[in-house]
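Participant: Starting off with a structure, shown below.
Values quoted throughout were computed directly from the atomic coordinates according to the rules given, and no laboratory measurement underlies them. Quick caveat: nothing in here was measured; it's all calculated off a predicted structure. Glycine gets a Cβ as well: all are built from the backbone with ideal geometry, and neighbour counts include every protein chain shown.
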Amino acid sequence: MGLGQSARGNHLTEFSAQEAFDAYEAVRHRLPDIAPAEVNYRQAETLEDIADEFDVFLLDAFGVLNIGDTAIPETPERVKALGAAGKRVLVVSNAAGFPHAALLEKYARLGYDFAPQDVITSRATLLSGLNGHDGVHWGLMATPSAGLRDLEGLNLSYLEDDPRIYEAVDGFLMVGSAVWTEARQAMLEEALLKRARPVLVGNPDIVAPREFGFSKEPGLFAHRLADRTGITPQFFGKPFANIYDLAFQRLGPVDKSRVLMVGDSLHTDILGARTAGVASALISGFGFFDGHDVGVAIKQAGIVPDFVVTRP
């Protein structure tokens with residue numbers, strides 16, 4: 001079964017898995033570069049089967065903890081069991097579109113009990129990277145209904161349908177694309193072509209798995225504007241090292257050989273783990289590769305996890 005073939009039929013909406021995979025491959029020149037690796041990985045049914053080999057688990061959210069607003073079955077219990085066994089469990093997620101407190105509330109509704117300091121997001125990574133940008137007027141790609149908690153100290157104007165905002169701001173922050181439109185994308189690109197300015201991306205994901213397909217994420221639009229304008233955005237979050245640097249700051253001294261990144265995406269989670277120098281486990285039964293042959297994708301991408309795990 002090839003990557004584009006699903007045993008469950010095509011239930012995806014905006015992207016198929018093959019289209020999403022191809023989109024990531026098309027922008028590999030902007031992602032961290034890694035040395036080729038032999039395609040050799042171990043398979044396991046759940047994280048419980050390999051838990052003894054690691055002390056720290058870094059868990060992606062979408063595709064590992066939840067699909068959209070639904071917890072992946074048995075995963076809250078698995079996370080709780082890891083903690084009870086003395087494992088340190090952190091969420092490392094490209095969830096830039098929501099304030100930190102809102103994410104904690106969501107995880108609690110889904111049955112997870114994470115301490116605030118144990119949820120590391122690309123939103124927090126972006127904010128840590130804004131040091132030294134005092135006084136900048138930013139144009140913000142975000143969903144207004146999500147609110148501006150965590151961002152209150154910044155001088156922000158929402159990027160909506162007034163072209164004057166795109167012309168006036170000093171730079172652009174891309175954190176959420178739920179209400180982004182093609183017309184707004186065109187205005188952003190035109191504004192950058194007229195006057196180059198910094199573009200900071202708080203979510204490098206091109207897509208995210210939802211209950212009924214993939215959603216388009218800020219990374220998709222960031223790479224599109226880079227292709228059109230020649231401006232290379234600065235990315236914050238997986239697969240880039242900055243989010244792992246933040247995670248290790250929270251962890252303190254640890255043996256990296258005992259750290260495992262768990263995710264559902266080769267181009268964000270597994271590539272990010274390779275960049276950070278830690279082991280990785282690819283979830284094959286949920287999220288990006290649900291219903292698809294991950295072996296084919298691993299060979300095509302040359303991004304090789306240490307483990308392929310059916311479900312968290």
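Participant: Which one of V201, N94, L58 is farthest out on the positive end of the charge dipole of the chain, using unit charges on Cβ (Lys, Arg +1; Asp, Glu -1) and the Cα centre as origin?
Facilitator: With unit charges placed on the Cβ atoms, the residue in question is V201.
Participant: Within 10 Å, count the other beta carbons around each residue, average over each peptide in 116-124, 87-95, 223-231, 153-161, and list them highest first.
Facilitator: Highest mean packing first, the order is 87-95, 116-124, 223-231, 153-161.
Participant: If each DSSP helix of 4+ residues adds -39,500 (n - 2.57) and the sum is divided by the residues in the chain, what number results at 222 nm, nearest 500 deg cm²/dmol?
Facilitator: Helix-only estimate at 222 nm: -8500 deg cm²/dmol.
Participant: Name the residue farthest towards the positive end of the dipole of the chain from the options F212, L47, A281, assuming +1 on Cβ of Lys and Arg, -1 on Cβ of Asp and Glu, about the Cα centre.
Facilitator: The residue sitting most towards the positive pole is A281.
Participant: Follow-up. Pull up all non-local amide H partners of L154: gap of 5 or more, or a different chain, and H-to-H distance under 5 Å with H placed in the peptide plane.
Facilitator: Hits under the 5 Å cutoff: none.
Participant: Nearest 20 debye, what's the magnitude of the dipole of region 127-235 about its Cα centre given +1 on Lys and Arg Cβ and -1 on Asp and Glu Cβ?
Facilitator: The calculated dipole for region 127-235 is roughly 200 debye.
Participant: Another question, if that's okay. Can you list, bin by bin at 10 Å, the percent of alpha carbon pairs in region 127-235, starting at 0?
Facilitator: 14, 50, 31, 4, 0
Participant: Roughly how far apart, in whole Å, are the Cα centres of region 183-244 and region 122-148?
Facilitator: With region 183-244 and region 122-148 each reduced to a Cα centre, they are spaced 14 Å.
Participant: Mind pulling the angle between the C-alpha long axis of helix 241-251 and the longest principal axis of the chain? Nearest 10 degrees, somewhere in 0 to 90.
Facilitator: 60 degrees
Participant: Before anything else, pin down the relative contact order of the chain: Cα pairs under 8 Å, at least 6 apart, normalised by residue count, whole percent.
Facilitator: Relative contact order for the chain comes out at 27 percent.
Participant: I would also like to ask the following. Using +1 at the C-beta of Lys and Arg and -1 at the C-beta of Asp and Glu, which of A168, W180, Q117 has the Cα lying farthest in the positive direction of the dipole of the chain?
Facilitator: A168
Participant: For every other residue with a beta carbon closer than 14 angstrom to the beta carbon of A226, add +1 if it is Lys or Arg and -1 if Asp or Glu, then tell me the sum.
Facilitator: Here the charged neighbours net out to +3.
Participant: Also, quick follow-up: Dipole of region 227-275, Cα-centred, from +1 at each Lys and Arg C-beta and -1 at each Asp and Glu C-beta, to the nearest 20 debye?
Facilitator: So the dipole magnitude of region 227-275 works out to roughly 100 debye.
Participant: Can you tell me the length gained on complete extension of the stretch R197 to V254, counting 0.36 nm per residue apart and subtracting the Cα distance?
Facilitator: Length gained, R197 through V254: 16.7 nm.
Participant: Ok, one more. Taking the DSSP beta bridges in region 127-235 as the whole, what percent of them are antiparallel, to the nearest 5?
Facilitator: Restricted to region 127-235, the bridges split so that about 25 percent are antiparallel.
Participant: How large is the dipole of region 24-104 about the Cα centre if only Lys and Arg carry +1 and Asp and Glu carry -1, each at its Cβ, rounded to the nearest 20 debye?
Facilitator: It comes to approximately 340 debye.
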